[in-house]
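Colleague: I am attaching a structure below and will ask some questions about it afterwards.
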Amino acid sequence: MSLVLVSHSKALAEGLRDMVVQVAGESVHVAVAGGTADGRLGTNAEAIVDTLRASLADGPDGVLVLLDLGSAWLSVEMALEELSDTERARIVVSEAPLVEGAVLAAVQASVGGTLAEVAAAAAGAASMSKAPGGSSNA
Amino acid sequence: MPEIRMTVVDEAGLHARPAARFVQAASRFASRIVIRNGEHEADAKSLISLLGLAVRLSSVITVAAEGSDAEAALASLATELSPYVTPIPGNTIS
């Protein structure tokens with residue numbers, strides 16, 4: 001079971017990977033596709049295809065993709081079109097907010113969760129409080 | 001349902017890393033394991049559930065387990081999570 005983090009920023013994706021691995025442990029496979037081919041901010045369908053294929057090859061259990069926003073989804077969609085039906089069948093794209101979703105997914109993956117279980121854990125991020133038990137002046 | 005009480009000794013409370021350790025330790029057991037903080041209860045095998053408990057430094061939490069390996073689960077949790085929590089002696093209820 002692998003996670004693929006897709007972001008407009010390579011630094012953001014790699015920083016999040018560091019954080020996720022620290023919380024969930026080294027046993028979780030986390031790959032990133034961040035930034036354009038020439039190092040600018042943006043997403044890159046080709047890099048996403050390569051990252052997805054490498055992650056699928058990592059193990060039999062499939063890949064959960066988490067993405068930041070806007071055109072990240074367009075690039076992921078383009079990347080998925082490049083893949084075969086068999087490859088696509090082992091990939092789930094999460095709608096979860098990137099940071100919370102990645103952490104929840106990684107911890108679920110670290111305890112041996114299946115792709116469906118890991119995707120469900122990530123989905124929980126949508127209702128997660130930033131300040132549980134806290135107060136807000138917003 | 002055996003349970004143990006623990007004091008949270010991590011300065012930041014039960015934040016992401018210790019909560020993840022709880023989930024990983026609890027998931028190795030078949031028993032249903034819950035953590036109570038005051039009137040709130042969370043599934044010890046669910047990170048989002050644990051983070052929602054908002055456990056702070058010095059909070060006294062109760063870990064309760066139900067199932068065939070409940071006693072072993074509690075013993076293991078108390079040992080493995082010692083950097084973050086301190087079991088309260090004499091408060092083990094079987």
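Only the coordinates and a few stated rules stand behind these numbers; no lab work does. These numbers were taken from a predicted model, which means no experiment stands behind them. So basically every Cβ, Gly included, is an ideal-geometry build from the backbone, and we count neighbours across all protein chains shown.
Colleague: At q = 0.14 Å⁻¹, work out log10 I(q)/I(0) for the stretch B:28-77 with the Debye formula, treating every Cα as an identical point scatterer and leaving solvent out; two decimals please.
Modeller: Each listed q corresponds, in turn, to -0.33.
Colleague: On a 0 to 90° scale, report how tilted helix A:10-24 is relative to the longest principal axis of chain A, with both axes built from alpha carbons and the result rounded to the nearest 10.
Modeller: Long axis of A:10-24 versus the principal axis of chain A: about 60 degrees.
Colleague: Once you average over the residues of B:47-55, how many Cβ atoms of partner chains fall within 10 Å of each Cβ? Before the final figure, lay out the partial values.
Modeller: Values: counts 15, 14, 1, 2, 7, 6, 2, 5, 2.
Taking the mean over all residues of the peptide, I get 6.
Colleague: What's the exposure ranking of B:SER27, A:SER55, going from fewest to most Cβ atoms within 10 Å? It would help to have the intermediate numbers written out before the result.
Modeller: Values: B:SER27 18, A:SER55 23.
Ranked by crowding around the Cβ, least crowded first: B:SER27, A:SER55.
Colleague: When every alpha-carbon pair in chain B is counted, what percent end up more than 24 Å apart? Before the final figure, lay out each step's value.
Modeller: Values: 297 of 4371 pairs.
Across chain B, Cα pairs with separations above 24 Å total 7 percent.
Colleague: Can I ask one more? Ranked from highest to lowest mean number of other Cβ atoms within 10 Å per residue, what is the order of the peptides A:28-41, A:61-74?
Modeller: The densest-packed peptide leads the list: A:61-74, A:28-41.
Colleague: Of A:GLU100, A:GLU81, A:GLU46, which has the largest mean-square fluctuation in a 10 Å C-alpha GNM of chain A?
Modeller: Its mean-square fluctuation being the largest, the pick is A:GLU81.
Colleague: Another question, if that's okay. If you line up the Cα atoms of the stretch A:2-127 on their principal axes, what length do they span on each, largest first, in Å?
Modeller: Cα extents, longest axis first: 36, 31, 27 Å.
Colleague: Can you sort B:THR7, B:THR62 from fewest to most other Cβ atoms within 10 Å of each residue's own Cβ?
Modeller: Details: B:THR7 13, B:THR62 17.
The most exposed by this proxy come first: B:THR7, B:THR62.
Colleague: Measure nothing fancy, just the Cα-based angle from helix A:72-82's long axis to the longest principal axis of chain A, in degrees from 0 to 90, nearest 10.
Modeller: 30
Colleague: Here's a follow-up. Starting from the exponent 0.38 and prefactor 2.2 Å, build the expected Rg for the protein assembly as shown from its residue count and divide its actual Cα Rg by it.
Modeller: Details: Rg = 19.3 Å, N = 232, 2.2 N^0.38 = 17.4 Å.
Normalised Rg, Cα atoms only: 1.11.
Colleague: How many percent of DSSP beta bridges within the protein assembly as shown run antiparallel, rounded to 5? Please report the intermediate quantities before stating the final value.
Modeller: Details: 19 of 33 bridges.
Antiparallel bridges make up about 60 percent of those DSSP assigns within the protein assembly as shown.
Colleague: Could you pull the Cα extents of the stretch B:1-42 along its three principal axes, largest to smallest, in whole Å?
Modeller: Over the stretch B:1-42, Cα extents along the principal axes are 30, 23, 15 Å.
Colleague: GNM, chain B, Cα, under 10 Å: largest mean-square fluctuation among B:GLU71, B:GLU11, B:GLU41?
Modeller: B:GLU11
Colleague: Also: Based solely on its DSSP helices, what 222 nm [θ] is calculated for the protein assembly as shown when runs of n ≥ 4 H residues each add -39,500 (n - 2.57) and the sum is averaged over all residues, nearest 500 deg cm²/dmol?
Modeller: Values: 9 runs with 93 residues, N = 232.
It lands at -12000 deg cm²/dmol.
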